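The values are calculated or read from the model by the stated rules, or taken from the named source; none is laboratory data. Quantities reported herein were computed from a predicted structural model and do not represent experimental measurements. Using ideal geometry, Cβ is built from the backbone for each residue, glycine included, and neighbour counts are taken over all protein chains shown.
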Amino acid sequence: MSALLEVSGLRVHYDFVEAVKGIDLKISQGEITTVLGANGAGKSTTLLALSGLLRPTAGSITFDGVELCGLPPHRIVELGLILVPEGREIFTALSVRENLLLGAYRRRKEKIERDLQESLVLFPRLKERLDGPAGNLSGGEQQMLAIARALMARPRLLVLDEPSMGLAPLLVREIFNTLRKLNSDGLTILLVEQNVRQALQIARNAYVMEDGRVALAGPSAELLHNPKVIEAYLGA
């Protein structure tokens, strides 16, 4: 598969603290890639840099041949790199419908209603609450809304930061099954996740970050049986 996203020598600082220390990543077209690691490893910082919400101090981020470093976030969204942030960041005072339509605010009006209906087919729970406040949704429903809102932007690369955080096991399975379906329909996905076993089972390739660096990388099936991964993340 050809690379849709290539990251080379990426460094990101918070003032004088270097949070990401020269990492390389490659996200292949049509595949799910996961980035794993403990809290503070630099995973979320990496995603914020990819999305233009943090400015890298060094390195290159190339999305389908376009250099992203220096581009504003709205331009990156227009190119098709869409982030579902940690914590969902939905607008709780707005309705579910309004949240979904905000996902399409950079698009022309054609086909938006069709895409909204397709999102409701994918997440039928949202249809039942479409005109109610998003703040009344459960945590799992809010995560579904965050993903559906991102899909309204017509992503070419869907980037998710900890989508299973705080969810019950049944809802985690539902979210991961949805990601599998989206990928089977051709969507490329970059997944940051602390649920290591689930992430490795769904992804084709994986990176493990430690202290701002890539400590391990390779096919997910191999990392699932890597002794270092098992000891550090799988409790065995």
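Structure notes:
- Members of segment 196-236 that are under 18 Å from residue 43 (Cβ atoms) and assigned to a helix (DSSP H, G or I): 196, 197, 198, 199, 200, 202, 220, 223, 228, 229, 232, 233
- Filter result for the condition that a residue is in a helix (DSSP H, G or I) and within 15 Å of the chain's Cα centre (by Cα), over 189, 175: 175
- All positions within segment 130-160 that are assigned to a loop (DSSP other than H, G, I, E, B) and without any contact (Cβ under 8 Å) to a residue 24 or more places away in the chain: 138
- Matching residues, segment 69-86, being under 17 Å from the mean Cα position of the chain (by Cα) and free of Cβ contacts under 8 Å to residues at least 24 places away in the same chain: 73
- Of all the criteria given as (1) in a helix (DSSP H, G or I); (2) touching a residue at least 40 places away in the same chain (Cβ under 8 Å), the one not satisfied by residue 127 is (2).
- When the residues of segment 89-110 are filtered to those that are among the β-branched types (Val, Ile, Thr) and in a loop (DSSP other than H, G, I, E, B), the one that is farthest from residue 187 (Cα to Cα) is 92.
- Filtered residues of segment 43-54 (kept if in contact (Cβ under 8 Å) with a residue 40 or more places away in the chain and outside any helix (DSSP H, G or I)): 51, 54
- Per-region count, segment 55-68, residues over 19 Å from the mean Cα position of the chain (by Cα) and either surrounded by 15 or more Cβ atoms within 10 Å (Cβ to Cβ) or free of Cβ contacts under 8 Å to residues at least 24 places away in the same chain (or both): 5
- Verdict on residue 114 being over 25 Å from residue 55 (Cα atoms) and either assigned by TED's automatic domain parsing to the domain that holds residue 185 or assigned to a loop (DSSP other than H, G, I, E, B) (or both): no
- Condition check for residue 86: crowded, with 16+ Cβ neighbours inside 10 Å and either of a type outside the set (Phe, Trp, Tyr) or not in a loop (DSSP other than H, G, I, E, B) (or both): yes
- Number of residues in segment 1-42 that are buried (at least 22 other Cβ atoms within 10 Å of the Cβ), outside any strand (DSSP E or B) and aliphatic (A, V, I, L, M) equals 1.
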